[in-house]
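*Asks:* Here it is, the structure in full.
The values are calculated or read from the model by the stated rules, or taken from the named source; none is laboratory data. None of the values given here were measured: they were computed from a predicted structure. Every residue, glycine as well, gets a Cβ built from its backbone with ideal geometry; the counts of neighbours run over all protein chains shown. What goes into the accessible areas is simple: the full protein's heavy atoms, side chains included, and nothing from ligands, DNA or RNA. Shrake-Rupley method; radii C 1.70, N 1.55, O 1.52, S 1.80 Å.
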Amino acid sequence: MLSERDLESIQHWISQMKRSTSKMEKHHDVSKAINALRLNYKILGYGNTRIVYDLENGYVVKVAISRQGLTSNQTEFNLYNRCSTRLRKYLCPVIDHGDGWIIMKKIQRMVSLTEEYEKKLPRLRRRFRKEGIEARSLRSKNLAISDDNNRIVVIDYGSFKYCDN
Ligand SMILES: Nc1ncnc2c1ncn2[C@@H]1O[C@H](COP(=O)(O)OP(=O)(O)OP(=O)(O)O)[C@@H](O)[C@H]1O
Ligand SMILES: [Mg+2]
């Protein structure tokens with residue numbers, strides 16, 4: 001889904017980022033990543049750890065802009081592939097991944113968290129908890145609503161954690 005040139009740009013950026021950011025650094029200059037990457041896709045959004053490009057074929061690519069972003073991408077890839085089918089329906093599908101990037105289905109994020117959906121969050125958290133996963137950062141910018149059945153779909157689950165009990 002990514003061209004040779006895209007992959008090269010990403011690889012180049014990731015090695016630059018790994019060299020230059022210290023483990024303690026939490027926030028990063030997004031423009032530094034954008035300039036280094038020079039990808040020919042529209043930017044859909046970004047967070048503290050990743051920048052998200054629209055591949056314009058129904059998918060997005062999330063590129064790490066910090067070390068934490070590398071971990072978030074790994075977490076999403078692993079979680080999506082390892083969790084039960086019961087939980088998987090709440091997670092935005094991950095299609096492919098490589099060093100520092102993942103490809104995910106594109107879903108329109110939630111504009112704001114309405115009371116109706118706010119009320120559904122504790123139950124969603126409990127469902128994950130039951131299977132040993134702590135569902136963190138469930139905020140509107142990390143959530144979407146699937147059009148077919150109005151179910152909450154998490155688009156940023158990079159901070160989810162497997163718990164010890
Ligand atoms: N699957 C997707 N489809 C459409 N837009 C997306 C998708 N994933 C992310 N986005 C957009 O990109 C933004 C940043 O993505 P994401 O939340 O995964 O990055 P992050 O750096 O992990 O965020 P945070 O700052 O919460 O840690 C989202 O808020 C959303 O607007
Ligand atoms: Mg986010």
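*Asks:* Can you report the number of residues in region 72-87 which are surrounded by 15 or more Cβ atoms within 10 Å (Cβ to Cβ) and either free of Cβ contacts under 8 Å to residues at least 24 places away in the same chain or not small (Gly, Ala, Ser) (or both)?
*Replies:* Matching residues across region 72-87 total 9.
*Asks:* Restrict the check to region 87-100 and report whether at least one residue is under 20 Å from Ser137 (Cβ atoms), within 11 Å of the chain's Cα centre (by Cα) and of a type in the set (Val, Ile, Thr).
*Replies:* The answer is yes; a qualifying residue exists.
*Asks:* From the set of residues in region 146-165 that are within 16 Å of ligand 2 (Cβ to nearest atom) and farther than 21 Å from Gln68 by Cβ, which is nearest to the chain's Cα centre (by Cα)?
*Replies:* Within region 146-165, the first condition is being within 16 Å of ligand 2 (Cβ to nearest atom), and the residues that meet it are 152-161.
Within this subset, residues satisfying the condition of being farther than 21 Å from Gln68 by Cβ are 152-153.
Working: Ile152: 15, Val153: 12 Å.
Among those residues, the one meeting the criterion is Val153.
*Asks:* Run Ser112 past the list (1) over 15 Å from Leu79 (Cβ atoms); (2) of a type in the set (Gly, Ala, Ser); (3) within 12 Å of ligand 2 (Cβ to nearest atom); (4) free of Cβ contacts under 8 Å to residues at least 40 places away in the same chain and report the number of the one that doesn't hold.
*Replies:* Failed condition: (3).
*Asks:* Determine whether Ile102 is open to solvent by less than 40 Å² (accessible area, probe 1.4 Å) and in contact (Cβ under 8 Å) with a residue 24 or more places away in the chain.
*Replies:* For Ile102, the condition - open to solvent by less than 40 Å² (accessible area, probe 1.4 Å) and in contact (Cβ under 8 Å) with a residue 24 or more places away in the chain - is met.
*Asks:* Within region 105-118, restricting attention to residues that are surrounded by 10 or more Cβ atoms within 10 Å (Cβ to Cβ) and farther than 18 Å from Leu44 by Cβ, which residue is nearest to ligand 1 (Cβ to nearest atom)?
*Replies:* The residue in question is Leu113.
*Asks:* Now for a separate question. Of the conditions (1) surrounded by 15 or more Cβ atoms within 10 Å (Cβ to Cβ); (2) in contact with a Phe, Trp or Tyr (Cβ under 9 Å, 6 or more places away or on another chain); (3) at pLDDT 95 or above, Val30 fails just one. Which one is it?
*Replies:* (3)
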